[in-house]
Amino acid sequence: MENQSLEKVMISNKIPEFVPLKKPKRNKYAFACSLLASMTSVLLGYDTGVMSGAVIYIKEDLKISDVAIEVLVGTINIYSLVGAAIAGRTSDWIGRRKTIILASGIFLVGALLMGFAPNYWFLMLGRFVAGIGVGYALMIAPVYTAEVAPASCRGFCTSFPEVFINAGVLLGYIANYAFSMLPLKLGWRLMLGIGVIPSVMLGVGVLAMPESPRWLVMQGRLGDAKKVLDRTSDTLEESKTRLADIKEAAGIPKDCQDHDIVSVTRESSDGSGVWRDLFIHPTPTVLHILIVGVGIHFFQQASGIDAVVLYSPRIYEKAGITKPSYRLLATIAVGCMKTFFTLVATFFVDKIGRRILLLSSCGGMILSLLALATGLTIIDHSDHTLKWAIVMCVCATYSTVAFFSIGMGPLAWVYSSEIFPLRLRAQGCSIGVAVNRAVSGGILMTFISLYKAISIGGAFFLYTGIAIVAWIFFYSLLPETKGTTLEEMEPLFGTFFKWRSTMKELKSSRVEGAASSAQP
């Protein structure tokens with residue numbers, strides 16, 4: 001009996017060791033903050049989507065050429081370079097939250113100018129102002145979200161900007177179809193001017209958001225940062241760890257109490273000296289991060305996705321769909337595909353990982369672009385209507401945006417916003433956004449001229465070749481960052497093509513460290 005009771009006691013003492021730890025629930029406050037911040041990306045999406053249909057009526061009303069249309073469509077991305085280039089420094093100066101409000105306000109003014117444009121040049125002025133707002137929005141949304149979200153759901157939250165870009169594109173397509181029935185002079189102006197509504201909603205919604213805890217630490221406001229981290233972390237223990245890591249990254253001594261307001265150097269607080277560290281004297285780690293952060297944005301746009309999305313009515317016209325209302329309806333389906341598959345990526349990015357989604361996405365785009373190029377080439381060289389080729393082209397545009405949306409679309413923002421060190425993050429991300437917008441503007445401003453020079457099929461064969469180079473770049477240089485905190489990113493970079501061996505060493509050292517800490 002004594003042995004049996006002793007055995008029961010031993011078993012009861014061991015049972016707790018085998019009880020699995022409950023996975024913490026997703027932080028709803030961090031989720032809400034990320035959602036609100038990412039809604040600024042609706043501004044770019046709406047402008048992209050609505051302009052694809054509006055140009056049909058703008059050309060007819062203002063009697064402008066194809067070259068003028070190219071310039072009108074593409075220059076907003078060039079103008080957004082101005083916003084993206086100064087947004088990093090602005091957000092280091094006035095804070096992430098106020099920068100989001102500023103972005104909404106600037107776009108609101110641009111939308112009003114476009115809605116009341118009496119002629120082409122006034123419309124271009126509105127595009128310039130709206131472009132600056134777009135540049136601000138694209139840079140600040142992923143940075144703020146990455147700095148607020150805990151590591152457990154950072155990929156999920158930082159993919160929101162792409163979700164809202166696609167939601168904006170879809171809203172733009174719907175506005176095109178809804179206002180296409182109105183008189184010519186009124187329809188396209190309403191399509192563009194109604195963009196003031198999301199701007200006002202965003203400006204008001206952002207007032208409920210807290211400031212980024214990492215920006216607060218950079219200002220020496222440790223007490224305020226602790227309050228935000230307590231609310232946006234999965235556990236209080238994680239909040240303490242995050243704050244300690246951020247303090248270390250910002251160069252603040254560990255012995256500073258978390259409720260203190262401490263003085264920080266001017267370089268840390270306002271972002272000065274960042275350009276020197278990024279371009280003049282970068283360490284191997286920073287150089288690797290910069291190449292990857294800029295490269296992922298370059299290839300996201302150089303693969304021609306904006307040509308597929310914004311010029312889809314022209315693609316369908318070339319494919320043989322001649323009725324404008326049918327082309328606009330087919331274009332709405334493009335917006336639905338983009339939005340749906342970006343949501344799919346959002347839910348899988350923290351489970352599957354960045355690399356698998358990115359490589360799968362790029363591989364699918366290669367096949368889809370190849371099919372689209374082949375179908376358009378066959379139609380170009382045929383003397384009669386080929387229904388199967390038309391169906392092939394329409395399906396290829398849908399599959400192109402679907403594969404783009406499960407990886408290359410959202411992950412460019414996710415990846416670039418999480419890899420830069422704290423002091424370099426805002427301005428490093430602004431460089432990536434500037435490259436993104438420059439390449440997008442170049443694609444949109446040259447697409448019509450390009451397909452007239454080498455045929456529309458030839459243009460998409462060119463984009464297919466670029467997508468192949470992108471796949472090689474992603475496979476060779478991008479390490480997996482899933483589950484890694486922002487302050488633990490730097491050791492993953494610096495060895496360029498040898499990052500796999502670096503990751504193995506880091507994993508083995510973590511295992512050894514965990515084993516040694518577990519020993520009594």
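For region 197-230, what are the residues that are among the hydrophobic types (A, V, I, L, M, F, W, C) and touching a Leu at 6+ places or on another chain (Cβ under 9 Å)? Those that are among the hydrophobic types (A, V, I, L, M, F, W, C) and touching a Leu at 6+ places or on another chain (Cβ under 9 Å): Val200, Leu202, Val206, Ala208, Met209, Leu216, Val217, Met218, Leu222, Ala225, Val228, Leu229. In the condition set (1) modelled with pLDDT under 80; (2) open to solvent by 70 Å² or more (accessible area, probe 1.4 Å), Pro284 is compliant with all but (1). Residues satisfying the criterion are absent from region 143-160 (criterion: in contact with a Leu (Cβ under 9 Å, 6 or more places away or on another chain), modelled with pLDDT of 85 or more, surrounded by fewer than 24 Cβ atoms within 10 Å (Cβ to Cβ) and not basic (Lys, Arg)). Return yes when Ser360 is open to solvent by 50 Å² or more (accessible area, probe 1.4 Å), modelled with pLDDT of 85 or more and of a type outside the set (A, V, I, L, M, F, W, C) and no when it is not. Yes: the conditions hold for Ser360. Being out of contact with any strand residue (DSSP E or B) (no Cβ under 7 Å at 6 or more places or on another chain), acidic (Asp, Glu) and open to solvent by less than 30 Å² (accessible area, probe 1.4 Å) is the requirement here; does Asp306 meet it? Yes; evaluated as a whole, the condition is true for this residue. Of all residues in region 64-97, those satisfying the criterion of being over 17 Å from Leu138 (Cβ atoms), open to solvent by 40 Å² or more (accessible area, probe 1.4 Å) and in a helix (DSSP H, G or I) are Val67, Val71, Trp93, Ile94. Taking residues in region 232-252 that are surrounded by fewer than 16 Cβ atoms within 10 Å (Cβ to Cβ), and partners anywhere that are among the small types (Gly, Ala, Ser) and in a helix (DSSP H, G or I), the pairs with Cβ atoms closer than 8 Å and at least 6 places apart or on different chains are Gly251/Ser268.
Is region 114-122 home to any residue that is modelled with pLDDT of 85 or more, more than 30 Å from Leu411 (Cβ to Cβ) and buried (at least 21 other Cβ atoms within 10 Å of the Cβ)? Yes, there is a match, as at least one residue in region 114-122 is modelled with pLDDT of 85 or more, more than 30 Å from Leu411 (Cβ to Cβ) and buried (at least 21 other Cβ atoms within 10 Å of the Cβ).
The number of residues in region 450-489 being at pLDDT 80 or above and open to solvent by 60 Å² or more (accessible area, probe 1.4 Å) comes to 10.
For Trp121, the requirement of being without any contact (Cβ under 8 Å) to a residue 60 or more places away in the chain and of a type outside the set (D, E, K, R) is met. If you filter region 179-208 down to residues that are of a type in the set (Val, Ile, Thr) and free of Cβ contacts under 8 Å to residues at least 60 places away in the same chain, you find that the one that is farthest from Lys98 (Cα to Cα) is Ile197.
Somewhere in region 430-446, is a residue among the β-branched types (Val, Ile, Thr), within 25 Å of the chain's Cα centre (by Cα) and not in a helix (DSSP H, G or I)? Scanning region 430-446 turns up no residue that is among the β-branched types (Val, Ile, Thr), within 25 Å of the chain's Cα centre (by Cα) and not in a helix (DSSP H, G or I).
In the set Val414, Val401, Val391, only one residue is aliphatic (A, V, I, L, M) and open to solvent by 10 Å² or more (accessible area, probe 1.4 Å); that residue is Val391.
The values are calculated or read from the model by the stated rules, or taken from the named source; none is laboratory data. This one's a predicted model, so the numbers in the text were calculated from it and none came from an experiment. Cβ sites come from the backbone with ideal geometry, for glycine too, and all protein chains shown count toward neighbours. Heads up: the accessible areas ignore ligands, DNA and RNA and are worked out on the full protein's heavy atoms, side chains in. Shrake-Rupley method; radii C 1.70, N 1.55, O 1.52, S 1.80 Å.
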